[in-house]
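One structure is given here, and the rest of the page talks about it.
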Amino acid sequence: MNCALSLPLVKMLVFDDYGLIRPVREAVDSYRHAGMLHCDAIGEDMEVLLRVPRIAEAGRWWNLTGAGLDSAAAAFGFASAAREGLVCKVLQRGPAPRWEQAVVGQHFACYRLESVGEVTLRLDFTFKLDRKGFLKVFWPEETGRQPAEVPWSLHHKAYQLNLQADTVPELAPHFVFNQWLRRGLLIRGDEPEHVCLPVGDANNIFKWTIEDVLLTLTTLQGSD
């Protein structure tokens, strides 16, 4: 929640299992009591859900009670706690954490921008931001190169990391995120050299592409 509320474009937050898991309620309600969120109930009626044995057992496990669930409505004074989830409008952000907390721990795949008639992409390396102020770079296995660690610091205004990349010439000295913190460019001078996106996103694109290829081949074989 802290990371989400540090992003200026986030307007709504949706919480699953609000009615089932006490730690979720406690976290959300701390923001509601502070007047930072206005929430409406969504999802299934908890009274109905708790008739399902495995859901009731999950609730007991999460709440560490061993004897059924407490009444969220009675405990917190919110009638909406009788429902499974909440959808909340952000009313105010309050003292937000530094934005980099939303990207620390993310693993990014970086593709070199090349011009061959048109701009094409080539995977060069991946990197992960750690909490100790280092960007750890990973190379393709066929290169035989060991991972490298590069110190980074924050730009004082933009969503930008400044990299001390003297020992890793492949890295441009500046990494600039887009406003959603889901994409970024490695920039040298005024020229972008790499576009980077979360590894999970890149893997999904690859999976979709392979599925499309297989479907096309199946179609062609069927036409033969």
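Where a number appears in this text, it was derived from the coordinates with a stated rule and is not lab data. Just so you know, these numbers come straight off a predicted model, no measurement behind them. No Cβ is skipped: glycine too gets one built from the backbone with ideal geometry, and neighbour counts run over all protein chains shown.
Per-structure values
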{"item": "Label-point gap, in nm, between ASP40 and VAL104 - each point 7 angstrom along Cα→Cβ", "result": "3.6 nm"}
{"item": "Residue-span extension gain [THR219 to HIS155] - 0.36 nm each, minus C-alpha spacing", "result": "17.9 nm"}
{"item": "Projected label distance in nm at VAL48 and LEU113, using a 7 Å step from Cα toward the beta-carbon", "result": "5.1 nm"}
{"item": "Relative contact order, percent, segment 102-218 [alpha-carbon distance under 8 Å, six or more residues apart]", "result": "20 percent"}
{"item": "Fully extended contour minus Cα-Cα distance, from TRP139 to ARG122, at 0.36 nm per residue", "result": "4.8 nm"}
{"item": "Additional length obtainable on full extension of the chain from HIS33 to ALA4, 0.36 nm per residue less Cα span", "result": "8.6 nm"}
{"item": "Net dipole in debye of segment 99-202 [+1 Lys, Arg Cβ; -1 Asp, Glu Cβ; about Cα centre; nearest 20]", "result": "420 debye"}
{"item": "Global form of segment 99-202, assessed from the alpha-carbon gyration tensor, a/c cut-off 1.5", "result": "rounded"}
{"item": "Within segment 1-65: Cβ-based charge dipole about Cα centre, in debye rounded to nearest 20 (Lys, Arg +1; Asp, Glu -1)", "result": "140 debye"}
{"item": "Two-site FRET efficiency, GLU170 against ASP212, from Cβ-Cβ distance with R₀ of 45 Å, rounded to 0.05", "result": "0.90"}
